[in-house]
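Have a look at the structure below, then the notes.
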Amino acid sequence: MNRSSQIIDIIEKNPGIKFREIMRETGMKNGVLSYHTRKLEKIGVVKVERSPRQTRFYPPGVTNKESVLIRRLRQETPRQILLSLLDAELAFNKIVEKVKKSPSTVSTYLSQLSEDEIVEFKIIELKKVYRIKNKGIVQSAINKYHPTLIERSAESLADIFNSL
């Protein structure tokens, strides 16, 4: 298998994978991987999402909405929140109990999920009750693009920093 095929295979199996994770998986050096990913992006075989601190790669058929959802599903705490909300609408304190994270961490991720228009809330008896806006899309993304365990430890560390 040539390098480009190897990269494409990894991206298809792990949509939303970060550049560094591809480096680890392939054993390629930064420059070599940069060359191949740029080449694959130019010919439209991979979709690249760049942000100030990270670059993520997706198969070309992934929509922008799906890429936002996949990015959140690749993070431990947002994934736990979404899986909890698939079952039922939950008040903030119940979400904190289910995901076993600090209230500030849960609040941060709920805000991000709300900004991404994945989760919404309503106020019932002076409590915010959260729910997934479109359970079908979330369930479909989970079934289609279930994140692998590759990033779990790295994302848990990111959760710690995001909650500070």
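Filter segment 121-144 down to residues that are in a helix (DSSP H, G or I) and either of a type in the set (A, V, I, L, M) or on the phi > 0 side of the Ramachandran plot (or both), then give me how many there are. Spell out how you get there, then give the answer.
Here is the first cut: in segment 121-144, the ones in a helix (DSSP H, G or I) are 135-144.
With either of a type in the set (A, V, I, L, M) or on the phi > 0 side of the Ramachandran plot (or both) added as a condition, the list becomes 137-138, 141-142.
Residues that pass the stated criteria total 4.
Could you tell me which residue of segment 16-57 is surrounded by the fewest Cβ atoms within 10 Å (Cβ to Cβ), considering only residues that are among the aliphatic types (A, V, I, L, M) and under 21 Å from Glu76 (Cβ atoms)? Spell out how you get there, then give the answer.
Residues of segment 16-57 among the aliphatic types (A, V, I, L, M): 17, 22-23, 28, 32-33, 40, 43, 45-46, 48.
Applying the additional criterion that residues be under 21 Å from Glu76 (Cβ atoms) yields 17, 22.
Details: Ile17: 25, Ile22: 22.
The extreme case among them is Ile22.
Would you mind telling me which numbered condition in (1) polar (S, T, N, Q); (2) farther than 29 Å from Asn2 by Cβ; (3) at pLDDT below 90 Ser84 fails?
For Ser84, the exception is condition (3).
Could you run through segment 24-64 and say how many residues are part of a helix (DSSP H, G or I), modelled with pLDDT under 90 and under 16 Å from Asp9 (Cβ atoms)?
Let us first name the residues in segment 24-64 that are part of a helix (DSSP H, G or I), namely 24-26, 30-42, 64.
After this cut, where a residue has to be modelled with pLDDT under 90 as well, the list is 64.
Then drop every residue that is not under 16 Å from Asp9 (Cβ atoms), which leaves none.
Number of matching residues: 0.
Taking Ser67 as the residue in question, decide whether it is polar (S, T, N, Q), in a helix (DSSP H, G or I) and either touching a helix residue (DSSP H, G or I) at 6+ places or on another chain (Cβ under 6 Å) or more than 27 Å from Ser111 (Cα to Cα) (or both). Steps first, please.
Details: polar (S, T, N, Q): yes; in a helix (DSSP H, G or I): yes; either touching a helix residue (DSSP H, G or I) at 6+ places or on another chain (Cβ under 6 Å) or more than 27 Å from Ser111 (Cα to Cα) (or both): no.
For Ser67, the condition - polar (S, T, N, Q), in a helix (DSSP H, G or I) and either touching a helix residue (DSSP H, G or I) at 6+ places or on another chain (Cβ under 6 Å) or more than 27 Å from Ser111 (Cα to Cα) (or both) - is not met.
Here is a list: Arg50, Arg79. Which entry is assigned by TED's automatic domain parsing to the domain that holds Ile17 and not small (Gly, Ala, Ser)? Break it down into steps so the answer makes sense when it comes.
Values: Arg79 fails: assigned by TED's automatic domain parsing to the domain that holds Ile17.
None of the other options fit; the residue is Arg50.
Out of curiosity, is Phe19 of a type outside the set (Val, Ile, Thr), out of contact with any Lys or Arg (no Cβ under 7 Å at 6 or more places or on another chain) and without any contact (Cβ under 8 Å) to a residue 60 or more places away in the chain?
Working: of a type outside the set (Val, Ile, Thr): yes; out of contact with any Lys or Arg (no Cβ under 7 Å at 6 or more places or on another chain): yes; without any contact (Cβ under 8 Å) to a residue 60 or more places away in the chain: yes.
So Phe19 passes the test.
The values are calculated or read from the model by the stated rules, or taken from the named source; none is laboratory data. Note that this is a predicted model, so its numbers are computed, not measured. Cβ sites come from the backbone with ideal geometry, for glycine too, and all protein chains shown count toward neighbours.
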